[in-house]
Every structure is written in C-alpha cells, then in structure tokens.
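Student: Below: one structure in structure tokens.
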Amino acid sequence: MEKDMTVEKEQKAVNVLQCLDFSRMEAQTLIFLFKTEKVTARDIERGTNLRQPEVSHGTSALVNRKWVKTSEIQTKGKGRPHYKYYLARPKKEIIDDILEKIRKKIEQEQQNLTIIRELVL
C-alpha cells in the first residue's frame, strides 16, 4: 500500500512539473533523480518506463539547467560512452529555482494583464 502511495505522489509531482512547462521526459527524470543517487541511463529507463531517446532528452535538458551532472563510466573496448547521472545541486535549491521560474511567469502575466487593461479601458 505504501509503495502505491509513493508512485501516486511521484505521478502528481510529474503532472505539476508538466503544468509548469517541463516536458514529460524532463519531469519524470527529475523526480526519479530526486529519489536516487548516481544512476545510469538504463536505470532511469527502468525506473520511469521511458525509452532511451526520452531519457536522453530528459537528462540533456536537466544538464542544460545545471541541475544534473554526469560522470563517465569506464568501459572496456570501444563504443559509445556510458554515464552516471546525479543531482548537481541539493533538491531544495532545484525547487527554489522552479519557484523562481513560477514567480517570473506570474510577474510577466501581471504585466500582460496591465497592458490589456490599459488598452481596453
């Protein structure tokens, strides 16, 4: 029963992030990384039910936001490099960044309403 609650809370968190203009892949990847340590792309695939290209998109977006870092895993032979992904900053700072994004969006919408009011009234 507790496990189901966790999955339900995670899904709600993903839905909220999507309402804030995060892609589904980015939201699912971030929520997964909030509850794990260093993980591979394959771990993220298994933990989120995302496909490899979706994980790549999600992790790239989070790296660009500077919320996630990577470290290369040494492998034998040739081929594509493998990476471990982990949070670059504490969860609280990431949440604070999201809140700041919301504040800026609200300010912009208030400015837009002011402009409309001035034009119409």
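The values are calculated or read from the model by the stated rules, or taken from the named source; none is laboratory data. Nothing here was measured: the structure is a model prediction, and the numbers come from that model. For neighbour counting, all protein chains shown are included, and Cβ atoms are generated from backbone atoms with ideal geometry for every residue, glycine included.
Student: Would you check which residues across the range 37-52 are free of Cβ contacts under 8 Å to residues at least 40 places away in the same chain and either crowded, with 19+ Cβ neighbours inside 10 Å or touching a helix residue (DSSP H, G or I) at 6+ places or on another chain (Cβ under 9 Å) (or both) and list them?
Tutor: Arg42, Asp43, Glu45, Gly47, Thr48, Asn49, Leu50, Arg51, Gln52
Student: Now for a different question. Being modelled with pLDDT of 95 or more, surrounded by 13 or more Cβ atoms within 10 Å (Cβ to Cβ) and more than 20 Å from Arg24 (Cα to Cα) is true for just one of Ala88, Ala61. Which residue is that?
Tutor: Ala88
Residues checked against (1) assigned by TED's automatic domain parsing to the domain that holds Ile98; (2) in contact (Cβ under 8 Å) with a residue 12 or more places away in the chain; (3) on the phi < 0 side of the Ramachandran plot; (4) not in a helix (DSSP H, G or I):
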residue	(1), (2), (3), (4)
Glu26	no, yes, yes, no
Ala61	no, yes, yes, no
Gly77	no, no, no, yes
Lys84	no, yes, yes, yes
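Student: Kindly evaluate Glu37 against the criterion of being more than 19 Å from Arg80 (Cβ to Cβ) and outside any helix (DSSP H, G or I).
Tutor: Yes; evaluated as a whole, the condition is true for this residue.
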